[in-house]
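Read the structure below first, then the notes.
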Amino acid sequence: MPQTINWAQYLTRPTLMIPGPTELAFPVIQAMNAPPSVQYDASFDEKVLEPTLLGLREVFQSRGDVFLLPGSGRTALEAGATSVIEPGDRVIVVVAGQFGSLMREIMVRAGAEVTEFAVEWGRPFDLARLAAEAERVRPRAIHLVHNETSTGATYPAEAVGKIARGVGALFLLDTVSAIAGIDVRSDEWGVDLNMTGSQKCLGAPLGLGVVGVSDRAWEAMERRRTRAKSYAYDLLQWRKTWMPESRGGRLPAGAARSQPVSIPTHLTAAMRVAVELILAEGLPHRFARHAVAAAALRAGLGAMRLDLFPDPSIASNTVTCVRTPPGIDARAVVSTMRDRYGILIGTGLDKIRADTLRIGTMSLTASPLYILPTLSALELTLREHGGKYEPGASVAAAQSIFADAS
Ligand code: PLP
């Protein structure tokens, strides 16, 4: 019988198995179903914003400060970089994929003298070579993407933090697709700016950048010779106008707090619930859940004889990037999965767009509930595009990983 049934036709939207934005828990969605509150009103500030930021500190594993900004991961990256970097500062940016390139561009625009540490996409890199480069350049900051979403590879943030510390450089870490899915120990690893977005493993809606700031980063901002060019995204403003002296800020006791940029109240309410869910689950459990989910997904893909794009030693637990079989275009696979099975996965990015697929295992989607149907739909889709697979083999392989872990 020809395969003509379109099971997705009654769905109003596909299930999001892309590497963010990801599916939202119902209490997170419900938190946005409320009339507007006023962002500068003390009740929002004290009852919603402040508890959210304190909760995020725990998620960031940091005693430092964490701030929300309207925007996305890119806002967090730009706010972080432009708050600490001055024109002419030397920086090293590790570029191992599209998001490393993004920070290189942000740094160039900030006027930094950028040394790119180029890494072949999907490959591990030589830490000794980076350490030697850091000794040579003596940069003001070293930037790393912890989890390169374009290639599905996780890089050794702790070791890079040590290299940065060794040469007295600030350590800037992009954790957009890592935080709350992969262990990120901001304080222990010496992360000075931990920059991320709301819509991935935090399990909150798209629309917020999140930045964690260490004492060293505050000192660097206080010592600037020139003022940051941005007003709204100058992090130092938070210290001056929002943080009381009792918390290391510059605001005298009793003085009215003001946010340097108006904070979206609905998104913060949703983030508050997302953070509560993360802390209720517990970070160790959450990281283990993502690890099992990614292992199950990889086992399912392996049963279809699909090769991972990155070196397996650095395969990510939140984003899996896999090569399509020869002759099958990744874009056609994505369309069929979305239109016929109601599941949205991503193609690769940039130069690997046509021959790789990317699947997110983030927050809710790091679970059998989402992974088993995704593998099933992918197997059927690849069969339709000419692949020869035993029906159910990929689901069986994934299911046995979940069974062993339960
Ligand atoms: N950095 C990484 C590692 C990402 O995965 C992304 C987005 O996918 C970004 C930065 C940019 O974040 P946003 O799309 O939230 O602006």
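The values are calculated or read from the model by the stated rules, or taken from the named source; none is laboratory data. Bear in mind that the values here come from a model prediction, so they are computed numbers and not experimental data. As a convention, Cβ positions derive from the backbone with ideal geometry for all residues, glycine included, and neighbour counts pool all protein chains shown. With ligands, DNA and RNA removed, areas are computed over all heavy atoms of the protein, side chains included. Shrake-Rupley method; radii C 1.70, N 1.55, O 1.52, S 1.80 Å.
Which numbered condition in (1) open to solvent by less than 10 Å² (accessible area, probe 1.4 Å); (2) in contact (Cβ under 8 Å) with a residue 60 or more places away in the chain; (3) within 16 Å of the ligand (Cβ to nearest atom) is the only one that Leu357 fails?
With (1) open to solvent by less than 10 Å² (accessible area, probe 1.4 Å); (2) in contact (Cβ under 8 Å) with a residue 60 or more places away in the chain; (3) within 16 Å of the ligand (Cβ to nearest atom) applied to Leu357, the lone miss is (2).
Six or more apart or on different chains, Cβ under 6 Å: which pairs go from a residue in segment 129-152 that's touching a residue at least 12 places away in the same chain (Cβ under 8 Å) to one that's acidic (Asp, Glu) and away from the ligand (no atom under 11 Å from the Cβ)? Could you list them?
Arg140/Asp89
Scan Thr82, Thr12, Thr52, Thr75 and give me the residue that is more than 16 Å from the ligand (Cβ to nearest atom), surrounded by 21 or more Cβ atoms within 10 Å (Cβ to Cβ) and hydroxyl-bearing (Ser, Thr, Tyr).
So the residue among Thr82, Thr12, Thr52, Thr75 that is more than 16 Å from the ligand (Cβ to nearest atom), surrounded by 21 or more Cβ atoms within 10 Å (Cβ to Cβ) and hydroxyl-bearing (Ser, Thr, Tyr) is Thr52.
Just to be sure, is Leu144 under 30 Å from Val322 (Cα atoms) and under 18 Å from the mean Cα position of the chain (by Cα)?
The answer is yes for Leu144.
Checking Arg239 against (1) in contact with a Phe, Trp or Tyr (Cβ under 7 Å, 6 or more places away or on another chain); (2) surrounded by fewer than 24 Cβ atoms within 10 Å (Cβ to Cβ); (3) in a loop (DSSP other than H, G, I, E, B); (4) not hydrophobic (A, V, I, L, M, F, W, C), which single condition isn't satisfied?
Checking Arg239 against (1) in contact with a Phe, Trp or Tyr (Cβ under 7 Å, 6 or more places away or on another chain); (2) surrounded by fewer than 24 Cβ atoms within 10 Å (Cβ to Cβ); (3) in a loop (DSSP other than H, G, I, E, B); (4) not hydrophobic (A, V, I, L, M, F, W, C), the one that fails is (3).
Scan segment 85-106 for residues that are within 16 Å of the ligand (Cβ to nearest atom) and open to solvent by less than 20 Å² (accessible area, probe 1.4 Å) and jot them down.
Those that are within 16 Å of the ligand (Cβ to nearest atom) and open to solvent by less than 20 Å² (accessible area, probe 1.4 Å): Val93, Val94, Val95, Ala96, Gly97, Gly100, Met103, Ile106.
Collect the residues in segment 200-213 that are outside any strand (DSSP E or B) and over 8 Å from the mean Cα position of the chain (by Cα), keeping them in residue-number order.
Answer for segment 200-213, where residues must be outside any strand (DSSP E or B) and over 8 Å from the mean Cα position of the chain (by Cα): Leu202, Gly203, Ala204, Pro205, Leu206, Gly207.
Can you work out which of the residues in segment 208-233 that are more than 16 Å from the ligand (Cβ to nearest atom) and within 23 Å of Val275 (Cα to Cα) is surrounded by the most Cβ atoms within 10 Å (Cβ to Cβ)?
If we take residues in segment 208-233 being more than 16 Å from the ligand (Cβ to nearest atom) and within 23 Å of Val275 (Cα to Cα), then Val213 is surrounded by the most Cβ atoms within 10 Å (Cβ to Cβ).
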